[in-house]
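Step one of this worksheet: look at the structure below.
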Amino acid sequence: KSGKGVASAEVAASGAGGKKPNALQQPLQPSQELAVVVGKDPLPRGEVVSKVWDYIRKHQLQNSDNHREILADAKLEAVFGTKKVTMFEMNKHLAQHLK
């Protein structure tokens, strides 16, 4: 029983033989606005999200009353287009800044 689960998990993790990176692993070029926060070099989407969260934590941009809400500073407002976004909306805004 446990052997089956391990094998199927390994196949899923390899991503069809590991030939082509999946969407989260594909390096994408950040826009000029997003590059101010994450750097100018192409990064996988997952790493972009991680760096944005590091920036949010470093600059204490989470609403202390509602941790799902991000209160954008000038740099993030240029990316989000608004002063406040929820953590669920953030990825939609980031996608518009990645090519």
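The values are calculated or read from the model by the stated rules, or taken from the named source; none is laboratory data. On a predicted model such as this, the values are computed, not experimentally measured, just so you know. Here the Cβ is made from the backbone with ideal geometry for all residues, glycine too, and neighbour counts use every protein chain on show. These area figures cover heavy atoms from the full protein model, side chains too; ligands, DNA and RNA do not enter into them. Shrake-Rupley method; radii C 1.70, N 1.55, O 1.52, S 1.80 Å.
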Among what's in region 64-89 and is without any contact (Cβ under 8 Å) to a residue 40 or more places away in the chain and open to solvent by less than 30 Å² (accessible area, probe 1.4 Å), pick the residue that is nearest to Asn22 (Cα to Cα). Phe80
Residues located in region 26-56, provided they are open to solvent by 70 Å² or more (accessible area, probe 1.4 Å), out of contact with any strand residue (DSSP E or B) (no Cβ under 8 Å at 6 or more places or on another chain) and polar (S, T, N, Q): Gln32
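Within region 63-70, does at least one residue satisfy the condition of being assigned to a loop (DSSP other than H, G, I, E, B) and in contact with a Phe, Trp or Tyr (Cβ under 8 Å, 6 or more places away or on another chain)?
Within region 63-70, the subset assigned to a loop (DSSP other than H, G, I, E, B) is 63-68.
From what's left, in contact with a Phe, Trp or Tyr (Cβ under 8 Å, 6 or more places away or on another chain): 68.
Yes.
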Could you say whether any residue in region 4-25 is at pLDDT below 95, assigned to a loop (DSSP other than H, G, I, E, B), open to solvent by 50 Å² or more (accessible area, probe 1.4 Å) and of a type in the set (D, E, K, R)? yes
Within region 29-53, the residues that are part of a helix (DSSP H, G or I), more than 13 Å from Met87 (Cα to Cα) and within 14 Å of the chain's Cα centre (by Cα) are Leu34, Ala35, Val37, Val38, Arg45, Gly46, Glu47, Val48, Lys51
